[in-house]
Amino acid sequence: MEKERKTDRREFLKVTLGAFIGGALFSSCSLSDLKNPKTMVKSPIKTNVLRPPGAVPEEHFAQKCIRCGRCGEVCPYHCIKYFDVKTGGVFSGTPYVDVMEKPCYLCMKCVYVCPTGSLVPCAKEEVRMGVAVINRQICVTWQQDKTGLMCKTCFNVCPFSGVAIKIDHDFRPYIIEENCTGCGICAYSCIADTYPENNGKKAISIQPIKWKKIKQIKLEDIKKS
């Protein structure tokens with residue numbers, strides 16, 4: 001009985017903390033921010049702005065996540081940020097990764113500290129944050145006839161090079177979509193933006209994808225990996 005009371009107390013504190021954070025965020029929102037209800041409930045997930053590994057379907061995330069901040073606290077790379085009211089609406093306080101600021105290095109620490117199952121434990125290769133898309137019009141290697149250069153940066157930095165990203169007989173990179181984790185390391189590392197003619201644009205972006213059921217694994221297995 002005492003154990004049950006302690007468990008209930010912990011759950012109460014989790015929910016209360018989440019509600020407090022959410023309330024604080026909404027209290028900082030002006031009336032002008034609330035004029036468009038559609039904006040407030042629209043998912044803020046978009047190109048290069050993605051959920052951390054193992055996230056449940058977006059339509060359930062806002063309700064399931066209690067905004068405890070544990071995922072961001074435990075991330076050794078500090079790549080997990082949180083939406084505010086203006087950028088996230090009802091998703092304010094929930095975590096995201098902007099791969100152009102700092103990609104996910106798939107350490108998987110966030111998934112086993114999540115208290116609500118908003119982030120589901122899974123193996124690194126099962127992660128599906130999004131999918132990499134190569135813009136061949138500005139990729140240095142795809143435009144090697146013009147640039148005279150060959151770049152393998154994206155291939156070299158990919159945690160699953162040869163599986164998620166491959167190169168053809170002309171050393172041009174291409175994505176194997178079903179194997180891409182969407183971690184964003186390739187997009188972050190892309191050097192195409194250093195060429196003036198590309199106007200600061202990188203040749204790779206990470207696009208959100210429809211949620212796919214992933215194979216869950218035990219937390220202790222993640223900790224060992």
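The values are calculated or read from the model by the stated rules, or taken from the named source; none is laboratory data. The structure presented is a predicted model; accordingly, all values stated were derived computationally and were not measured. FYI the Cβ positions are ideal-geometry reconstructions off the backbone, even for glycines, and counts take in every protein chain you see.
Out of Glu101, Glu73, one residue alone is surrounded by fewer than 21 Cβ atoms within 10 Å (Cβ to Cβ) and within 17 Å of Pro208 (Cα to Cα). It is Glu101.
Would you check if there is a residue in the stretch 4-23 being modelled with pLDDT of 50 or more and either among the acidic types (Asp, Glu) or touching a Phe, Trp or Tyr at 6+ places or on another chain (Cβ under 9 Å) (or both)? No, because not a single residue in the stretch 4-23 is modelled with pLDDT of 50 or more and either among the acidic types (Asp, Glu) or touching a Phe, Trp or Tyr at 6+ places or on another chain (Cβ under 9 Å) (or both).
Elements of the type strands (runs of 3 or more DSSP E) sitting completely within the stretch 157-215 and holding at least 1 residues that are among the polar types (S, T, N, Q) and either within 17 Å of the chain's Cα centre (by Cα) or at pLDDT 95 or above (or both): these cover 204-207. Modelled with pLDDT under 95, within 24 Å of Ile185 (Cβ to Cβ) and of a type in the set (A, V, I, L, M, F, W, C) - does that describe any residue in the stretch 65-81? No, that holds for no residue.
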